């Protein structure tokens, strides 16, 4: 227990102690005077019981005035969430109605609407590279507007998506060189989460999921190996929840006059979530995507919050003062 003003506490307790000493002294003088007159005095405990209740009430009131409080650990969702959405050509597939990208955008919007104001939300769109569409902010309308603007095109690089999301979390550009000897240290961000929507078809530095050639350096992190990017996230304490948009049976999409087959690669998405301590969420139907907001659990942040106790002490003090006054009136006919 802590006090806002220790001086008031000390002064109040000194006053209560002085009242107690004065009551005892007065009782002894009265007893001595009655004994000298040959009159038997009533027991001091019975006679002073009401006074003791009043003094106790004064002492408790002194505690209340000092502003007592206790620190209580409170768990709540707080931190940063980056929504990374795959906008490659394969996301135009219609095995999830109306198509993968539209269904993912709708699910992302519902996820944003379900988050409390204490959660900052940013948006990253990715294809061959990652592009930050909205910086993390408590203004969730900004993130929703960024998602609404997304349109498909290009190949897929899951590694670039993770690097771009980590850059948004840390507010600085993260680059992973091809000949690195150790993972870059980007700090520790245990309250950050990446929610990645994709069909899992990773073109990396080779061919994109829609058959197009990926161009290295299209953005920070382009061409980054997915396993390496996930390892950087894991080292930084960032969980990645992956959402598999599409079906494993797949379908065909038209890209620049070519009919290309595209199916959901669950294994790639599961590997990312498992490597970072996150979870994989299948979303092969519109109903599964609609229930996504309730299935992704953000990590709770525990903070110590002061809980004021002045009200409780005031209530106790009033009870003691009332009891003391009542006993005094009943036994002596006087309030004091």
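Just so you know, all these numbers are worked out from the coordinates, no wet-lab data involved. In this text, all values refer to a predicted model and were calculated from it rather than measured experimentally. Quick reminder, even Gly has a Cβ in these numbers, built from the backbone with ideal geometry, and neighbours come from all protein chains shown.
Compute the distance in nm between two label points, each set 7 Å from the Cα along the Cα-to-Cβ direction, one at residue 106 and one at residue 145.
Placing both labels 7 Å along Cα→Cβ, they lie 2.4 nm apart.
Each label point is 7 Å from the Cα along the Cα-to-Cβ direction; what then is the distance between the points at residue 256 and residue 323, in nm?
8.7 nm
According to a simple spin-label model (label point 7 Å from Cα along Cα-to-Cβ), what is the distance in nm between residue 24 and residue 118?
Output for this residue pair reads 4.9 nm.
Please give the residues of the range 79-98, grouped as numeric ranges, whose backbone N is less than 15 Å from a label point set 7 Å along the Cα-to-Cβ vector of residue 249.
94-97
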